[in-house]
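Note sheet for the following structure.
Only the coordinates and a few stated rules stand behind these numbers; no lab work does. A quick note: this is a predicted structure, and the numbers were derived from the prediction, not measured. Here the Cβ positions follow ideal geometry from the backbone for every residue, glycine too, while neighbour counts run over all protein chains shown.
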């Protein structure tokens, strides 16, 4: 990381995880940081209420390169490393023909490897044969295009779509392979079958936890980052939307539509909206799963369920969270909160058996919350960043570099480093 010999002023627009990470990196290097956030709170899609997450639930522990993820490194920087806790280890489930089955092992975001057992889940189709040529070339394609051709519609509809729907609220046929699965995309440029690329891409289990969160909730990350920024002299302004680019070096860490209003030629990006229904139930027996995913063919409104009290050892009450909303299908989200709660409870009852009315419930809506990376996304972003090369502007956040806490932290750090090296050295 570059250290500045003298104080230099820099503005960070956006107080989500990417913006906070960029601000921390810049302030640690000695910059005079002003962070401007249009809403009344920091944290973006991280928000903890009464000990439960209203948005993002956890983070990956490992980086794709094998080391600690950026989220873990941030926890270490903020003194929270000892407060990281992990799921109980119960498997996730998949709803197939009204019944729950364990999510098959050995998949890469739902794409099966050579030894994946799909019995009772999906039928392999397509033609995943070695033709002597790599599966894909240099040009990006959709996930659905590759998997349907190589493994058939059933695998896409019953496995890949539910997995991608849980992460992006999108569909395999509309999502970029390069943006959503960059490691697999690279492997497919040399491997001659999809199954072999998956085999190479699935990291062997080491017994180490895959996911983590922070005791007390992920909002502690935001609180610790805010405190650290204040200690470093950074200025934080809430309820201060930015309508014109400020003078001097700036990190733009806002959603694509907001960035587009500030910049000419910004690459278009669609977003999907989701709603999360969290319920506290009277003591009931839930399946021995961390939750389950729902293919669209199951004809339910919910697309996923998380059994908080099964998944996390520190959650003692019977807490569940149901996710609703898919890209291109916002109708269900137009219902009032009480209707969504009852719809989610009825859907869950169809899967696990009759459930009593919840003791408490809340609905968290994330309008335009998840970016939809269409094929060519990575190249469009690279070209746009290249067009800004002669301007002291760095882009950060899920609009560009991936969803999830580690991706947003890393994106913020990279944006800060770009300004430090090119404009503030």
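What the table below lists for this structure:
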read-out	value
Footprinting exposure proxy for 214, 339 (fewest neighbouring C-beta atoms within 10 Å first)	339, 214
Over the chain, relative contact order from alpha-carbon pairs under 8 Å, at least 6 apart, %	26
Sorted by Cβ density within 10 Å, fewest first, the residues 50, 192, 377	50, 192, 377
Between the stretch 238-279 and the stretch 172-217, the Cα center-to-center distance that results, in Å	28
Difference of contour (0.36 nm per residue) and Cα-Cα distance, residue 145 to residue 210	20.5 nm
Where labels lie 7 Å past Cα in the beta-carbon direction, separation of residue 316 and residue 28 in nm	3.6
Rounded FRET efficiency, nearest 0.05, which uses the C-beta distance separating residue 296 from residue 391 and R0 of 51 Å	0.75
Net length gained if the chain between residue 138 and residue 270 were fully extended (0.36 nm per residue, minus Cα distance)	45.1 nm
Relative contact order of the stretch 1-134, defined on C-alpha pairs under 8 angstrom at six or more residues apart (%)	12
Overall form of the stretch 230-361 per C-alpha gyration tensor (a/c, 1.5; a/b vs b/c)	prolate
Between the stretch 399-418 and the stretch 38-94, the Cα center-to-center distance that results, in Å	15
Three-way shape label, the stretch 27-151, alpha-carbon gyration tensor, a/c 1.5	prolate
Extension gain, residue 9 back to residue 245 (0.36 nm per residue minus Cα-Cα distance, nm)	83.5 nm
Shape of the stretch 107-201, Cα gyration tensor, a/c cut at 1.5	oblate
Which of 176, 297 has the fewest Cβ neighbours within 10 Å, and the rest in rising order	297, 176
Order by protection proxy (mean Cβ within 10 Å, highest first), peptides 364-376, 161-173	161-173, 364-376
Among beta bridges that DSSP assigns inside the chain, antiparallel share in %, nearest 5	70
Per-peptide average of other Cβ atoms within 10 Å, ordering 285-294, 233-242, 390-399 highest first	390-399, 285-294, 233-242
Efficiency of FRET between residue 97 and residue 379 - r from beta-carbon atoms, R0 35 angstrom, step 0.05	0.30
The stretch 156-230 - percent relative contact order, Cα under 8 Å, separation 6 or more	13
Selected from 402, 256, 65 as most flexible by GNM, with the chain as the system and alpha-carbon contacts under 10 Å	65
Ordering of 270-282, 408-420 by packing [mean C-beta count within 10 Å, highest first]	408-420, 270-282
Choice from 134, 255, 267 showing the highest fluctuation, given a GNM over the chain with Cα pairs closer than 10 Å	134
Between 0 and 90°, nearest 10: helix 377-387 axis offset from the chain longest Cα axis	10
Cβ-derived FRET efficiency at R0 60 Å, residue 131 paired with residue 359, nearest 0.05	0.55
